[in-house]
1. Express in Å², to the nearest 10, the accessible area of residue 97 obtained by rolling a 1.4 Å probe over the protein heavy atoms while all chains stay in place.
2. Applying 1/(1 + (r/R0)^6) with R0 = 45 Å to the Cβ-Cβ distance of residue 44 and residue 149, what FRET efficiency is obtained, to the nearest 0.05?
3. Residue 20: accessible area at probe 1.4 Å, nearest 10 Å²?
4. Cα to Cα, under 19 Å, and not fewer than 8 places away if on the same chain: which lysines meet these conditions relative to residue 36?
5. Once you put a point 7 Å from the Cα of residue 162 and another 7 Å from the Cα of residue 105, both along the Cβ direction, what distance in nm separates them?
6. If R₀ is 25 angstrom, what is the calculated FRET efficiency for the pair residue 116 and residue 23, using the beta carbon separation as r and rounding to 0.05?
7. May I ask you to give the solvent-accessible area per residue for region 67-113, in square angstrom, as obtained with a 1.4 angstrom probe?
8. Quick one: which residues, 5 or more positions from residue 127 or on another chain, have an amide H under 5 Å from its amide H? H modelled 1.01 Å from N in the peptide plane, none for Pro or chain starts.
Amino acid sequence: MTIVASSDTSSLGPTQSDFIWNDEGDCAVTATKLAKAMATQLSQGGSAVVELHGTLGAGKTTFTRHLLRAWGVQGRIKSPSYAVVEQHESPVATAYHFDFYRFNDPQEWEDAGFRDLFACPGLKLVEWPDKAAGLLPRPDLRIVIEPVAQDQRLVRIKAVSAMGHYWLSLLTDSADEPSFEATAPSVFQGGACS
């Protein structure tokens with residue numbers, strides 16, 4: 001993983017960073033670092049939304065798979081293209097993997113209980129968020145994956161929330177990672193979901 005550019009226009013940390021993934025191994029490194037950065041806050045009942053943008057085959061589900069594996073999720077992790085959402089339990093937190101590629105009807109949002117899922121604690125990874133525009137909560141991170149060669153990807157990660165800034169700073173910091181408790185902004189802890 002190569003950091004191409006990082007813009008620091010906020011006192012909270014970097015606002016956006018660009019990375020080059022030369023292969024799937026670089027994707028795994030980024031996903032693992034992000035999983036580690038998010039673990040403390042989410043294991044304590046926090047909530048996060050990460051939007052994943054990119055064309056078909058760009059690597060959105062591959063990134064999700066590596067992140068969830070870093071959290072200890074076992075079994076098959078696939079794109080929920082037809083189911084729209086897959087729930088994954090991990091030792092860290094519950095993760096909901098959404099794929100809105102085939103989402104066409106805003107009434108489905110209410111009927112399927114997506115509003116309730118987004119209100120639950122845990123991680124929400126959202127592929128094709130533009131298909132559910134106006135319905136989704138504000139993300140913490142927005143990740144855009146763009147193929148530039150056979151295996152190479154240009155990846156832009158944008159922090160949208162205070163937590164997103166913190167997590168992005170951990171991805172771009174080549175020094176030892178600081179203690180979460182010492183540097184993470186205080187966040188609202190979500191309620192219980194059934």
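The values are calculated or read from the model by the stated rules, or taken from the named source; none is laboratory data. No experiment lies behind these values; they were computed from the predicted model shown. No Cβ is skipped: glycine too gets one built from the backbone with ideal geometry, and neighbour counts run over all protein chains shown. Heavy atoms of the whole protein, side chains included, go into the accessibility calculation; ligands, DNA and RNA do not. Shrake-Rupley method; radii C 1.70, N 1.55, O 1.52, S 1.80 Å.
1. It works out to around 0 Å².
2. 0.65
3. Roughly 40 Å² of residue 20 is accessible to a 1.4 Å probe.
4. Of all the lysines, those that pass the test against residue 36 - Cα under 19 Å, at least 8 places apart if same chain - are 60, 124, 158.
5. Each label point is offset 7 Å from its Cα along the Cβ direction, giving 4.0 nm.
6. 0.05
7. About 53 Å² of surface per residue is accessible.
8. Here 52, 98, 99, 100 satisfy the definition.
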